[in-house]
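Worksheet: one structure, shown below.
The values are calculated or read from the model by the stated rules, or taken from the named source; none is laboratory data. Keep in mind the model is a prediction, meaning the values are calculated, not measured. Using ideal geometry, Cβ is built from the backbone for each residue, glycine included, and neighbour counts are taken over all protein chains shown. Areas reflect the complete protein model, heavy atoms only, side chains present, ligands, DNA and RNA absent. Shrake-Rupley method; radii C 1.70, N 1.55, O 1.52, S 1.80 Å.
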Amino acid sequence: MDPAEERLVGTGSVTAERAGDLQRLKQELDRRTSALERSEARFRDVIERNADAIVVVDGDGLIRFTNAMATKLFGGTRAELLGSPFGFPLVADETTELDLLSDGAPRVAEMRVVQSEWEGHVAYIASLRDVTERKRAEQGARDLIREQAARTAAETAAHRFRFLSESSAVLSSSLDYRTILSALARVCVTDVADWAEVYAVDEAGAVQRREAAHCDPSKTALLGELRNVSIPPHGTHPVLEVVRTRKPILAKTVDDKLLESTIVDARHRKVVAELGMTSFMMMPMTARGRVLGAIALISSDPERLFDEQDLALAEDIAARAALALDNSLLYEEAQR
């Protein structure tokens, strides 16, 4: 074979080889294209079946893609939504709550936004979850709580009104000074406090503990000892401050300083320790510009701490008691 023939044969071999390579490249390209199409189909299928509404918005704020749930949430067809303005601010990596109007019914959606690409351009993918029913349930729960709170407040108000009415009846049932003080102590431990002390101010201005009562009848002996404990006129007992300033004291929790200020001696300390003192309030009893005494109300239950509402009720009791005591004193003066 001459050189020319050899060159032709060689050229044919190269051409055939290249053709084979091209064929294999085409097959690989077809395979990859097919795989990509299948992947895109699966991706779109997942997006379409997603329980959340998916919306792709371009840099100009126009909708470029929506899934089926988005058409349902926004109340429009895909053709109507595509190319229309999205209308909501898009902040990447933040969750926003949106109020929507779908088919005339208000809806609430939570939107999460990520920045991405769409067809080679910057875009935003917004995922919106319909939380209308959850919001309704939460609002229903809040309404129920408010309803229950209002009902409880009404029941409490009614209970306190009955209590004050009954207390007034008890306090006004006698014109005897000592009887009124004793009734006052008993009234205070029916609903308000665990134990109570009633103080009186004599004509010389000295303060005396006149009555004490406890909700537990077994504490009667201890209360007897309390009545015998005098109040030093220049001591630190809070009743002296209440009588002097004519202002109440409310200690939601009793600290060591307040506790020590009420103690007169070692025996008194032991009695108070046995009775217990976790929350404390004291109100003056004033009538016609004169301080007639004071009431101390004590809780020994750590779960029962007095608040401003309790203080308001106690002040009302003190005012009614002062009126009853003043009437008693006027009666005694008339008798003399």
Has region 215-225 got at least one residue that is under 26 Å from GLU303 (Cβ atoms), touching a strand residue (DSSP E or B) at 6+ places or on another chain (Cβ under 6 Å) and among the β-branched types (Val, Ile, Thr)?
-> no
Within region 270-289, residues in contact (Cβ under 8 Å) with a residue 12 or more places away in the chain, over 15 Å from PRO238 (Cβ atoms) and either among the β-branched types (Val, Ile, Thr) or open to solvent by 20 Å² or more (accessible area, probe 1.4 Å) (or both) come out as VAL271, GLU274, THR278, THR286, ARG288
The listed residue being touching a Leu at 6+ places or on another chain (Cβ under 7 Å), under 18 Å from GLU241 (Cα atoms) and outside any helix (DSSP H, G or I), out of LEU292, LEU311, LEU297 | LEU292
Among (1) open to solvent by less than 80 Å² (accessible area, probe 1.4 Å); (2) modelled with pLDDT of 90 or more; (3) out of contact with any Cys (no Cβ under 7 Å at 6 or more places or on another chain); (4) not in a loop (DSSP other than H, G, I, E, B), the one test that LYS257 misses = (1)
Residue by residue through region 311-336, note down the ones that are open to solvent by 10 Å² or more (accessible area, probe 1.4 Å), of a type outside the set (A, V, I, L, M, F, W, C) and out of contact with any strand residue (DSSP E or B) (no Cβ under 7 Å at 6 or more places or on another chain).
-> ASP316, ARG320, ASN327, TYR331, GLU332, GLU333, GLN335, ARG336
Could you tell me which numbered condition ARG107 fails, if it satisfies all but one of (1) modelled with pLDDT of 90 or more; (2) crowded, with 17+ Cβ neighbours inside 10 Å; (3) among the basic types (Lys, Arg)?
-> (1)
Of all residues in region 176-204, which are over 20 Å from ASP316 (Cβ atoms), at pLDDT 85 or above and in a loop (DSSP other than H, G, I, E, B)?
-> ASP176, ASP202
Being open to solvent by 20 Å² or more (accessible area, probe 1.4 Å) and more than 16 Å from VAL271 (Cα to Cα) is the filter here, so list the residues in region 208-242 that pass it.
-> GLN208, ARG210, PRO232, PRO233, HIS234, GLY235, THR236, LEU240, GLU241
Any hit, region 261-269, residues being of a type in the set (Asp, Glu), free of Cβ contacts under 8 Å to residues at least 40 places away in the same chain and within 22 Å of THR286 (Cα to Cα) = no
For ARG160, indicate whether it is within 30 Å of ASP191 (Cβ to Cβ) and open to solvent by 60 Å² or more (accessible area, probe 1.4 Å).
-> no
Looking across region 55-80 at residues that are aliphatic (A, V, I, L, M) and open to solvent by 20 Å² or more (accessible area, probe 1.4 Å), the single one that is nearest to ASP130 (Cα to Cα) is MET69
